[in-house]
Amino acid sequence: MIDPILSLYFSIHSNPGVYALLLGSGVSRSAGIPTGWEVVLDLIRKLARLKGEDCEPDPGAWFKEKFGREPEYSRLLYDISKSSSERQQLHKSYFEPTEEEREQGLKLPTSAHKAIAELISKGYVKVIITTNFDRLLEKALEESGVMPVVISTPDGVDGAIPLIHSKFTIIKVNGDYLDARLKITEDELSEYDERINLLIDRILDEFGLIVCGWSAKWDIALRKALEHCKSHRFTTFWTAKEEIDDTSKKLVGLRRAQIISIENADSFFSELKEKVLALEDISKPHPLSVKAAVASLKKYIVDDRFKINLHDLITSETEKLYLELNDKNFTVQGVAFSADELVKRVQRYEALSEILLNLTINGCYWGDERHQKLWLECFERIANHAGELNGSTVWLKLRLYPALLLLYGAGIASIAAEKYGTFSTLLSEVKIRDGSQEELAIFYLNTTNVMKQSVGQQLLGMERHYTPLSDHLYDHLRIFLKEFLPDDFHYQICFDKFEYLLALVYADLREKENGRLWGPIGCFGWRYRDSDKSVMNEIEQEIEKGYRPIIETLIGAGFFNVSMERFKQVKKSYDDFLAKLSWY
């Protein structure tokens with residue numbers, strides 16, 4: 001049989017957001033955080049010491065004999081500290097680190113908390129039930145840029161965002177250490193408020209469950225909820241360091257849970273995070289899948305008998321990519337910017353886009369006017385991907401990266417094949433919806449809009465580059481176009497020509513709109529500079545020689561006022577603009 005832990009890795013990766021975590025004190029044990037009962041025992045010991053008595057070996061029994069009642073946490077705390085401020089400070093001494101403890105790494109988020117926070121930030125986990133009072137998970141999430149919804153009292157349930165609409169929710173069933181209303185004693189743990197019960201029932205019904213660091217023996221009300229839940233839509237995975245007790249065995253049997261033996265919570269969650277992220281990487285299409293798709297396209301594109309097959313191939317792969325570019329896989333809310341996150345997203349976008357990128361490059365190279373509508377529909381579908389309208393500006397703009405890849409690949413392939421009509425159509429007809437308006441895609445699908453320079457310089461190896469995203473695309477697309485442009489110099493010419501002409505079209509249209517001439521700058525802007533090898537000089541020579549089919553195609557498409565003079569005017573103004581750049 002397949003090891004249950006392997007099944008867990010696949011389940012988490014394949015079903016992001018479906019599994020909830022049930023976390024107990026074992027998850028915070030390595031951080032030196034005491035359990036609630038350990039706090040009670042410590043308070044009793046201190047109380048006994050102040051009275052000059054010995055409460056060992058059973059502080060709880062001593063307290064009951066001395067005061068005639070069970071040591072209920074809330075009442076004990078109230079008796080010791082009369083003001084809320086005093087009680088809060090007393091709490092902090094158990095759950096927040098001193099300077100010495102901080103230096104020792106105690107009472108700080110552990111590797112388990114950090115791994116869980118990363119899984120949450122990537123959308124793999126969106127609900128946690130915990131019996132812990134500490135805030136280590138909240139601190140780890142804060143470091144990851146995620147702001148959770150935290151429910152620690154029955155009142156919190158009433159005003160909480162519904163689970164389906166919340167990016168992430170923590171339910172602290174026994175309370176939070178900054179609130180004296182903690183549940184610690186057997187009586188306190190035997191019953192929950194009905195509002196908490198209903199919320200737990202819903203989670204147990206609708207989510208799979210991963211149990212870690214929790215003993216079912218003490219949390220009676222939570223145990224009852226697990227016993228009463230009859231539906232098991234998804235698997236329960238129950239982690240254990242050693243042989244589980246009879247109480248836990250009963251729950252494992254009722255939920256038909258898979259038992260996973262672990263060394264500790266830190267190693268388990270660290271490994272879980274690494275394996276799930278590894279599955280992201282290997283989800284990249286297999287080379288044979290790419291080759292098979294391209295071979296089919298080459299067969300279909302040369303014979304009109306296969307036009308339906310060609311249409312189905314492209315639309316099918318377009319839909320596959322479209323469905324992957326969702327907010328669960330690429331959330332734009334609550335994820336702080338970091339170079340690591342940027343690189344991961346870019347690499348993930350590139351992996352998911354690989355098959356469709358190969359198809360559009362080959363299609364635009366081998367195809368003709370009959371196929372242009374197919375490419376337009378493909379690009380507009382990917383460029384107009386639906387999703388959250390609010391969120392991090394960096395991640396919102398980066399959503400356009402797959403469409404930018406397709407535009408660059410197809411545009412360069414069109415120029416390499418001298419299919420200038422296809423190239424012109426890509427610039428003049430692909431549209432992006434912005435609210436109720438439609439605009440040409442080139443206003444959005446350019447390196448400057450998708451990733452500003454300071455962000456692009458966080459890409460691997462691009463720290464000191466003037467045009468980091470353009471340079472990255474130049475490197476990334478090289479292998480995809482090697483078949484059509486085996487010579488590196490010819491590849492560079494086609495790449496620069498694509499970017500430069502796109503910039504001139506952009507500058508022409510924007511100047512008409514707002515009177516300001518500006519266009520996005522690619523690596524052509526610094527490459528060779530004033531050398532006669534620059535794309536600016538090459539286009540100039542084409543004009544002088546009268547061999548200018550690509551320019552005339554753009555003019556014929558309606559750009560530059562359908563005038564060669566206008567083209568020359570825009571080119572001169574744009575070249576003058578480049579010459580004024582400090583690094584030019």
Report summary line: Surrounding charge for Glu191, neighbours by C-beta under 10 angstrom, Lys/Arg +1, Asp/Glu -1, total -2
Requested in this report: Just name one of Leu485, Leu581, Ser296: the one whose Cα is farthest towards the positive end of the charge dipole of the chain (beta-carbon charges, Lys/Arg +1, Asp/Glu -1).
Outcome: Ser296
Report task. Give the angle, between 0 and 90 degrees and rounded to the nearest 10, that separates the Cα long axis of helix 564-579 from the longest principal axis of the Cα atoms of the chain. Result -> 50 degrees
Query raised in the report: Where the centre of each part is set by its Cα atoms, how far does segment 346-413 sit from segment 113-136, in angstrom?
Result: 34 Å
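Given the rule -39500 (n - 2.57) for each run of at least 4 DSSP H residues, summed and divided by the residues of the chain, what is its mean residue ellipticity at 222 nm, to the nearest 500 deg cm²/dmol? Intermediate values should be presented prior to the final figure.
Details: 28 runs with 324 residues, N = 584.
When only DSSP H runs of four or more count, the value is -17000 deg cm²/dmol.
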Report task. Nearest 5 is fine: what % of DSSP beta bridges in the chain come out antiparallel, could you say? Result -> 15 percent
Report summary line: Treating only Lys and Arg (+1) and Asp and Glu (-1) as charged, each at its beta carbon, one finds that the chain has a dipole about its Cα centre, in Debye to the nearest 20, of 700 debye
Report task. Would you mind listing how long segment 361-476 runs along its three principal axes, going by Cα atoms, in whole Å with the largest first? Result -> 41, 35, 17
Query raised in the report: Using modelled backbone amide H atoms (1.01 Å from N, in-plane), which distant-in-sequence or interchain residues come within less than 5 Å of Ile260's amide H?
Result: Trp238, Thr239, Ala240
Query raised in the report: Counting Lys and Arg as +1 and Asp and Glu as -1, each charge on the Cβ, what is the dipole of segment 494-584 about the Cα centre in debye, to the nearest 20?
Result: 160 debye
Query raised in the report: How many Å³ per residue does the convex hull of the Cα positions in the chain occupy?
Result: 201 Å³
Report task. Determine, from the Cβ-Cβ distance of Val302 and Asn514 and an R0 of 45 Å, the FRET efficiency 1/(1 + (r/R0)^6), rounded to the nearest 0.05. Result -> 0.50
Query raised in the report: Taking the Cα centre of the chain as the origin and placing charges on Cβ (Lys, Arg +1; Asp, Glu -1), which of Leu21, Val39, Leu469 is farthest toward the positive end of the dipole?
Result: Leu469
Query raised in the report: Cross-link list Lys183/Lys328; Lys64/Lys107; Lys122/Lys224; Lys373/Lys482; Lys172/Lys241: which exceed 28 angstrom alpha carbon to alpha carbon?
Result: Lys183/Lys328; Lys64/Lys107; Lys122/Lys224
Query raised in the report: Could you give the nm distance between label points at Asp155 and Met564, where each point is 7 Å from its Cα heading toward the beta carbon?
Result: 7.9 nm
**Report entry** Charge dipole (debye, nearest 20) of segment 36-103; +1 at Cβ of Lys and Arg, -1 at Cβ of Asp and Glu
**Finding:** 440 debye
Query raised in the report: If contacts are Cα pairs under 8 angstrom and at least 6 residues apart, what is the relative contact order of the chain in percent?
Result: 11 percent
Report task. Take the eigenvalues of the Cα gyration tensor for segment 473-557, scale each by 5, and report the square roots as semi-axes in whole Å, largest first. Result -> 23, 16, 14
Report task. Give me the aspartates and glutamates in straight-line cross-link reach of Lys533: C-alpha distance below 19 Å, same-chain residues under 8 apart excluded. Result -> Asp471, Asp487, Asp488, Asp496, Glu499, Glu542, Glu544, Asp575, Asp576
**Report entry** Dipole of the chain, positive direction: furthest Cα of Ile80, Ser353, Leu459, with charges on the beta-carbon
**Finding:** Ser353
**Report entry** Principal semi-axes in Å for segment 36-103 [√(5λ), Cα gyration tensor, largest first]
**Finding:** 23, 15, 10
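All of the numbers you see were taken from the coordinates with simple rules; none came from a lab. Predicted model, so just to flag it, every value in this text is computed and none were measured. All Cβ positions, even for glycine, are placed from backbone atoms using ideal geometry, and neighbour counts span all protein chains on display.
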